[in-house]
Amino acid sequence: MSFSQLGLSPELLRALEDAGYQTPSPIQSKAIPACLEGRDVLAAAQTGTGKTAGFTLPILERLSREPQGHKRPVRALILTPTRELAAQIGESVEKYGVHLNPRLKSDVVYGGVKVNPQITRLRDGVDILVACPGRLLDLVGQKAVRLDQVETLVLDEADRMLDMGFIHDIKKILRLMPRQRQNLLFSATFSKEIRELAGTLLNNPVSIDVAPRNTAAESVDQSVYMVEKPQRMALLTHLITHHQWSQALVFTATKHMANRVTQHLQKAGITAAAIHGNKSQNARTAALSGFKNGEVQVMVATDVAARGIDISELPNVVNFELPKTPSDYVHRIGRTGRAGASGQAVSLVMPDERGQLKQIEKLIGRTIPQASAEGFDFTRAVPETPDEREQRPGGGQRRQGSGQARNNGGGARNGGGNGRSGSNNRSRSGGSTGSTGSNEQARPARRRRRSSGAGSADNSGNR
Ligand code: AMP
């Protein structure tokens, strides 16, 4: 299948050629024709599958075929959980639409930055709006934008939006749009809540499932190290230096721990930067661009901050702490092994995280092989019962001195590639003015935590 068979205009095909894309990814081959037909779509796809082009291209195609009025009401709305993901999608819309004549106007709005420039830009009209829910509602409240002409709605990373407590904002936004519209829902995982949302939102959708649901990417080499708390920092440094990892994305459960890990790595002479919600937008942007251009070897992030980061060929992901929500494990390791490249996901598991590990293994439907590193004796960390040892692949033999659980041969997989390209995530919103508005995620998360006591690892106030 080639892009030219998908029903896209020569202008869009030219942009794809500019981008160097040769063939559509599986999600694009399925989503683009369905979207062009005007069908609703329910797609199970992680970041890295090419899903952004999967919904952006048909939106551009459909809107460019319609006559452009003088006033430019929002005709396509793309909702996304985080600021950086919104920015990333906005860039894609611009990139793919660059040869259209006349051009379609697009804009990106999220919190944590001044609202007035956004209001000014929206006044001139916009065809395609990429938005985080909190700031969008602020803007609607200030009458800066109307949604009553929206023809296509995209909920991107819908699972994350629900995890972050955006469901009420999403419901409010849905009420502001015409009933008659096209709905596209993209989600990496499918919880009961997502299925319920899909059930109420979508009308006879085309279902697309490019990666088995809740299944960790096959191309990712996963392993766990059983470790006592005091050893974690030393083990992390050992893994990075001993195996000469060119780049790694390290996940922590809290912002505080992200800072501590970063400082520890810096003291060990490793260039590291933290990215989380307490960092200013400038610091986050600088950390991410340093990581993208290879100046920063290790980026330490919380789940929300790293959400949707698009870094091609990122060779290593480390779970310094396991996520509280098993599906976050799938999201985290989805940062590596993308676009057919191989990747390695290493989890450091403390004794009190063993329950979380079991839940993750249940979700992904496999036992993650256990690894050990030379000089680190973790046998005391998690005493296995003989039964459990039997159940481990290879009869529970812990691998020694390899630094990775598979394909080891005693050597580390360095991944070869450099982490490149991309963006990160964490957005703010809330305050209708000012550059330090309340947090786009934290606000609903706090609300949710109060009401239900539930929440993903990211939703606690210190994540
Ligand atoms: P996404 O899953 O939308 O975040 O896309 C992941 C990455 O794949 C982005 O860097 C895109 O530029 C890239 N990409 C999207 N579609 C294609 C394609 N058909 N061929 C090659 N790269 C692609």
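The table below gives the values:
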item: Nearby lysines by direct alpha-carbon distance to residue 362 (threshold 20 angstrom, same-chain neighbours under 8 apart not counted); result: 192, 324
item: Over segment 172-283, relative contact order from alpha-carbon pairs under 8 Å, at least 6 apart, %; result: 15
item: Placed amide H near residue 154: partners under 5 Å, 5+ positions off or other chain; result: 77, 78, 79, 184
item: Ranked packing of 253-260, 117-124, most packed first, by mean Cβ within 10 Å; result: 253-260, 117-124
item: Cα convex hull of segment 3-209 - mean projected area over all directions, nm²; result: 10.5
item: Per-residue ³J(HN,Hα) for segment 314-331, Karplus 6.51 cos²θ - 1.76 cosθ + 1.60, θ = phi - 60°, Hz, x for Gly and Pro; result: 5, x, 9, 10, 10, 8, 5, 10, 6, x, 6, 9, x, 5, 5, 4, 4, 4
item: Under the Karplus curve 6.51 cos²θ - 1.76 cosθ + 1.60, θ = phi - 60°, whole-Hz ³J(HN,Hα) for segment 232-245, x wherever Gly or Pro sits; result: 4, 4, 5, 5, 4, 4, 4, 4, 5, 7, 4, 9, 6, 5
item: Relative exposure of 55, 166, judged by other C-beta atoms within 10 Å (fewest first); result: 166, 55
item: Exposure proxy ranking, count of Cβ atoms within 10 Å, fewest first, for 82, 23; result: 23, 82
item: Likely footprinting exposure, 92, 4, fewest C-beta neighbours within 10 Å first; result: 4, 92
item: Backbone HN-Hα couplings from phi across segment 130-147 [Karplus 6.51/-1.76/1.60, Hz, Gly and Pro as x]; result: 9, 8, 8, x, x, 5, 4, 5, 4, 5, 5, x, 8, 6, 7, 8, 10, 10
item: 26 Å Cα-Cα threshold exceeded, pairs from 71/143; 143/292; 30/95; result: 143/292
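No lab work stands behind these numbers, since they all come straight from the coordinates. As the structure is a computational prediction, the values presented were derived from the model and not from experiment. As a convention, Cβ positions derive from the backbone with ideal geometry for all residues, glycine included, and neighbour counts pool all protein chains shown.
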